[in-house]
2 protein chains.
Amino acid sequence: MLLTLDRSSRVPVREQIRLEIAQRIRSGLLKPGQRLPSVRVLAETLHISLVTAHQVYKALDREGLTLTRQGKGSFVRETAVLSAEAAAADPYDWQLSVPDSLPRASFWSQSAVRLPPHILDLATAAIHCSLLPLELIQASFRQVLEHSPQSLGCYSSFAGDEQFRQVLTAYLQQQGITVQPHQLLVTNGTQQGIDLFARTFLGPGEIIAVETPCFSGAIDAFRLARATLQQVSVDRDGIRVDLLEDLAATTKVKAVYTVPTGQNPTGAVMSLGRRQDLLQFARTNNILILEDEPHREIELGRKDLPPPLKALDTTGHVVYLKGFSKFLFPGLRLGLLAADGSIFNRLLAAKSITDLGSPLWLQTALIPFFSNPLLPKYLDQLNSVLASRRQLTIRLLDRLLDRRIIRPRHFAGIHLWLSLPGNVNTDYLIPEAHHRGIHFLPGSIFYAGEPATNHLRICWTNLADADLPRALKILCALLNEALEPA
Amino acid sequence: MLLTLDRSSRVPVREQIRLEIAQRIRSGLLKPGQRLPSVRVLAETLHISLVTAHQVYKALDREGLTLTRQGKGSFVRETAVLSAEAAAADPYDWQLSVPDSLPRASFWSQSAVRLPPHILDLATAAIHCSLLPLELIQASFRQVLEHSPQSLGCYSSFAGDEQFRQVLTAYLQQQGITVQPHQLLVTNGTQQGIDLFARTFLGPGEIIAVETPCFSGAIDAFRLARATLQQVSVDRDGIRVDLLEDLAATTKVKAVYTVPTGQNPTGAVMSLGRRQDLLQFARTNNILILEDEPHREIELGRKDLPPPLKALDTTGHVVYLKGFSKFLFPGLRLGLLAADGSIFNRLLAAKSITDLGSPLWLQTALIPFFSNPLLPKYLDQLNSVLASRRQLTIRLLDRLLDRRIIRPRHFAGIHLWLSLPGNVNTDYLIPEAHHRGIHFLPGSIFYAGEPATNHLRICWTNLADADLPRALKILCALLNEALEPA
């Protein structure tokens, strides 16, 4: 186990260790039945006292995550403990002694759940495939397959196909973002953009401020880089810049990660004034902003969305990420990153080390799609269908959900954040949810530190038309029952 | 700048710092004209004396990499130094003060060279597109586009499409590798497989043994993970296990990286006996082997190639990587990783954090290709064409190249490693090569430590039929002229 401790943090070291181990158990990186380091080894490795190490396991035992047996050691709890015999027969047994550098993988552990087909999936943030532009894409693919199949035969340039980046430049221009093709990097979806940023600019202990709650895939990537995450509150205007300023006054903040438009998971939209404040803060302190914008295309008829931070950026402080999965096709795994100057060059070097560039064929196959005059019309249609789904969702929740369960009044994006009274732990509702035929994301995975456990995230765009009301009804009943009698 | 020093190394700290900075300059991460940290800052950051810091810059100045000006500081050398005025007008100037975690990017710096179209490319290790199975792929893509377009609409599972992995399982079985689909992970080419391994199992200072010389993309990935690389010699049977044993006796070696079949760049083939020794060494010491096998399909009529290490592995010590770029299409950027048990699970978690999985559409589009009964016939044809090209290449080199320039007698793969007398530096031949209309890879990028500069790598499969002899003639003349008169 490779734990990174921050001895200057206000969080006590014992608590940091407990949290790290708890997260590795919850995220599936430590498997049920696995033996944890002994108290002595833990103390020696982390330079803590035996008493502290002992207290860590005691706390984990109390949480029900581990089981410490006198003279045997501490184990990750499981219902059926492997017999010693079975363990001895496993030829891969030696592998457990190989340490790794993975601090947590919460997104993976929650999203890789293999759901039986009858389960209605409110967890995955995607658009139901019947709403996606299949015919436009088929036409685009066919055209390239007939007329430019040579793009199969070449490696892409590391940054991406030149012509594809030209088309994307024009596309971004429509959203107010003025960049040149040489400032664009084609990525394997937004997640890779986040990860490239993390491994390029976040070394061990370097500080990134994140919104709380925050997209768990981003937390996982920042943690894998061994950065220190500082949680900053979000109000109805977006991330609180006053708190960022307090933070920067006492510590060296290197970057801020934000999803300003349809924050994930809360759906909040950062106001224009707050965007300007955030940029000013970045300029004053030479801090990088990582702007993740998956939802710009899904405006649901709100034509008054403030511009992206990148559109307001004149000094190269913003690294901008756009995924195509929410309005195009998740099966393509393509996204783009826009940045400037030496910040861009270094991200490009990291991309080259990571995978030598994204698939050239998919890039050329999308050029006709992004140049198609029917694209705006498709986006309008998509938004009008989604807007009525959104209304349906809100109406149903207003009608069926106990008033003690709170949802934001104003939100963008394709998901919805529900908050239950503090004594309800949504992690524990998952098995019953599966039993009744639905799946959602427990809120606990969206925290960089000690998780709040009384929230959950649902996505209302991923189900077939007929399934959505059914799933929401099951959900409301389940949540209402979890409350104490009124 | 983030330099990782190993104070227990036999290489003096001053030398480590000089090498790190030199590599960053050579690999383009430090740009011409860029100001380096002052002697004082370098000393403070790295906990070295002022004298040592001063000596580092003096040595770099002597190498011609930097220029130190009294009272002004040290700068990366360039022909035209930016005027102070021009620098002040650059709104991105602040970016140079943002440190990053990239130690080097040699592969990028050499491979991202934008060649004018008339230059004959002997550098890129690829097969000329006229030899690749365009019609098989077009048929495969068309079939999926008509009959299963729904694969566009979904995220892939993180490990890859289930049916695709079944097809790959059968394909691997033909090469003697018995795995189950749940032991396969679809990657964005081999480079991502190397990178996933590095970030999962190689933490700062952890030791990986590499062949010397070694594929520079792998070195870059290991360095990005801040691992310590130990170079191990290769003889005609492959990596020297006796030296590995010596190394393991004194240091904690965690992994070995090898390209056993058609080593990159030397083309060496590890003998069966050596493969068994290496596996035994791994088992005895619980060391992971990262086996990179891009050339298995390109056997050029040699039906006696020893089996992959993975085929001999019964205890899960081998993580196996196969790229599809050398016999299928580089524009697809797909590869596979095979591993077992908890080693596999942790690599899967890293994949999920990196990019949430590879493009589902490309995976489903390749299922018909890998199931096509014509695939073996295509591979036979490809190999017979390449075998005659190889002969042509060898004949030409034997006829035209000065006898003091050495090439290996026995090699596999699609590249060739040429060794000049020690006083010739192939880095310096690149401008003249471009001037005469060819490009190759200087040998210096293939070293994890102090580079040998008298080698070069050429690839003889990437040019059109008519261009290959022309390129080789230019190359031979250039190299012969670089020698001292006989």
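Available extension along the chain between A:Arg399 and A:Thr178 is 75.1 nm, counting 0.36 nm per residue and deducting the alpha carbon span. Charged neighbours of A:Thr426, selected by a Cβ distance under 12 Å, balance to -1 (K, R count +1; D, E count -1). The calculated 222 nm mean residue ellipticity attributable to helices in the protein assembly as shown amounts to -12500 deg cm²/dmol, summing -39500 (n - 2.57) over DSSP H runs of n ≥ 4 and dividing by all residues.
Only one residue of A:Ala249, A:Ile219, A:His147 has its Cα farthest out toward the positive end of the dipole of chain A, where Lys and Arg carry +1 and Asp and Glu -1 on Cβ, and that residue is A:Ala249.
Of the peptides A:261-274, B:119-132, the ranking by mean beta-carbon count within 10 Å, highest at the top, reads A:261-274, B:119-132. The shape of the stretch B:220-373 comes out oblate: with a ≥ b ≥ c from the C-alpha gyration tensor, a/c is at least 1.5 while a/b does not beat b/c.
What number, in nm² with one decimal, is the all-direction average of the projected area of the convex hull of the alpha-carbon atoms of chain B?
Averaged projected area of chain B's Cα convex hull equals 25.2 nm².
What the Cβ-Cβ distance of A:Arg114 and B:Arg436 gives, at R0 = 41 Å and to the nearest 0.05, is a FRET efficiency of 0.10.
Between the stretch B:91-148 and the stretch A:294-372, the C-alpha centres lie 18 angstrom from each other. Taking label points 7 Å from Cα along the Cα-to-Cβ direction, A:Ser148 and B:Arg302 give a separation of 3.9 nm. Rounded to whole numbers, the Karplus 3J(HN,Hα) couplings from phi for the stretch B:293-299 are 10, x, 10, 4, 6, 9, 8 Hz, using 6.51 cos²θ - 1.76 cosθ + 1.60 with θ = phi - 60°, and x at Gly and Pro. Within the shell defined by Cβ-Cβ distances under 14 Å, the residues around A:Thr124 carry a net charge of +1, with Lys and Arg each +1 and Asp and Glu each -1.
Report D for the stretch A:266-357 in µm² per second (integer): Stokes-Einstein, Kirkwood Rh on Cα pairs, 37 °C, 0.692 mPa s. Answer from the Stokes-Einstein relation: 223 µm²/s. Give the shape of the protein assembly as shown as rounded, prolate or oblate, defined through the alpha-carbon gyration tensor: a ≥ b ≥ c are the square roots of its eigenvalues, a/c under 1.5 means rounded, and otherwise the shape is prolate if a/b is larger than b/c and oblate if not. Rounded, since a/c falls under 1.5. Placing +1 on the Cβ of every Lys and Arg and -1 on the Cβ of every Asp and Glu, with nothing else charged, gives chain A a dipole about its Cα centre of roughly 560 debye.
Peptide B:147-154 has a mean of 6 when you count, residue by residue, the C-beta atoms of other protein chains within 10 Å of its C-beta. Under 5 Å between amide hydrogens, built in the peptide plane, is the criterion, and for A:Arg77 it picks out A:Gly33, A:Thr66, A:Leu67 among residues at least 5 positions away or on other chains. In the assembled protein chains, B:His118 presents an accessible area of approximately 120 Å² (probe radius 1.4 Å).
Phi angles across the stretch B:126-134 convert, under the Karplus curve 6.51 cos²θ - 1.76 cosθ + 1.60 with θ = phi - 60°, into 3J(HN,Hα) values of 8, 9, 4, 5, 5, 8, 8, x, 4 Hz, Gly and Pro given as x. Proximity of backbone amide H atoms, modeled 1.01 Å from N, is registered between A:Leu120 and A:Ile438, A:His439 at under 5 Å, excluding neighbours fewer than 5 places apart on the same chain.
Between the beta carbons of B:Glu44 and B:Asn423, assuming R0 = 45 Å, the FRET efficiency works out to 0.70 to the nearest 0.05. Note on B:307-314: average number of Cβ atoms from other chains within 10 Å of each residue's Cβ is 0.
Counting Cβ atoms of other protein chains within 10 Å of each Cβ in B:361-367 and taking the mean gives 3. Counting only protein heavy atoms and using a 1.4 Å probe, the accessible area of B:Lys58 comes to about 120 Å².
Distance between the pseudo-spin-label points of B:Ser388 and A:Asn285 (7 Å out from Cα toward the beta carbon): 6.8 nm. Placing +1 on the Cβ of every Lys and Arg and -1 on the Cβ of every Asp and Glu, with nothing else charged, gives the stretch B:113-225 a dipole about its Cα centre of roughly 80 debye. Projecting the Cα atoms of A:His47, B:Pro91, A:Ser233 onto the charge dipole of the protein assembly as shown (Cβ charges, centred on the Cα centre) puts A:His47 farthest toward the positive pole. With the charge dipole of chain B set up from +1 on Lys and Arg Cβ and -1 on Asp and Glu Cβ about the Cα centre, the Cα lying farthest toward the positive end among the listed residues B:His410, B:Leu132, B:Gly73 is that of B:Gly73. Each label point was placed 7 Å from the Cα along the Cα-to-Cβ direction; for A:Arg62 and A:Thr315 their separation is 4.7 nm. Take every DSSP beta bridge whose two residues both sit in the protein assembly as shown; close to 55 percent of them are antiparallel.
Taking a ≥ b ≥ c as the square roots of the eigenvalues of the Cα gyration tensor, the stretch A:132-244 is classed as prolate, since a/c reaches at least 1.5 and a/b is larger than b/c. Counted without the sites themselves, the longest stretch of chain A free of GluC sites (Glu not before Pro) in a DSSP loop having at most 14 other beta carbon atoms within 10 Å is A:79-486.
About the Cα centre of the protein assembly as shown, what is the dipole size in debye to 20, counting +1 per Lys and Arg Cβ and -1 per Asp and Glu Cβ, all else neutral? Before the final figure, lay out each step's value.
On the way: 100 positive and 90 negative charges, 121 e Å.
Here the size comes out at about 580 debye.
Residues A:Asp220, B:Asp237, B:Asp304, A:Asp313, ordered by accessible area of protein heavy atoms at a 1.4 angstrom probe radius and largest first, appear as B:Asp304, B:Asp237, A:Asp313, A:Asp220. Beta bridges assigned by DSSP with both partners in chain A are antiparallel in approximately 55 percent of cases.
Label zone (A:Leu374, point 7 Å along Cα-to-C-beta; backbone nitrogen cut-off 18 Å) within the stretch A:124-145: A:129-145.
The values are calculated or read from the model by the stated rules, or taken from the named source; none is laboratory data. Source: prediction; values computed, not measured. Ideal geometry is used to build each Cβ from the backbone, glycine not excepted, and the neighbour counts take in all protein chains shown. With ligands, DNA and RNA removed, areas are computed over all heavy atoms of the protein, side chains included. Shrake-Rupley method; radii C 1.70, N 1.55, O 1.52, S 1.80 Å.
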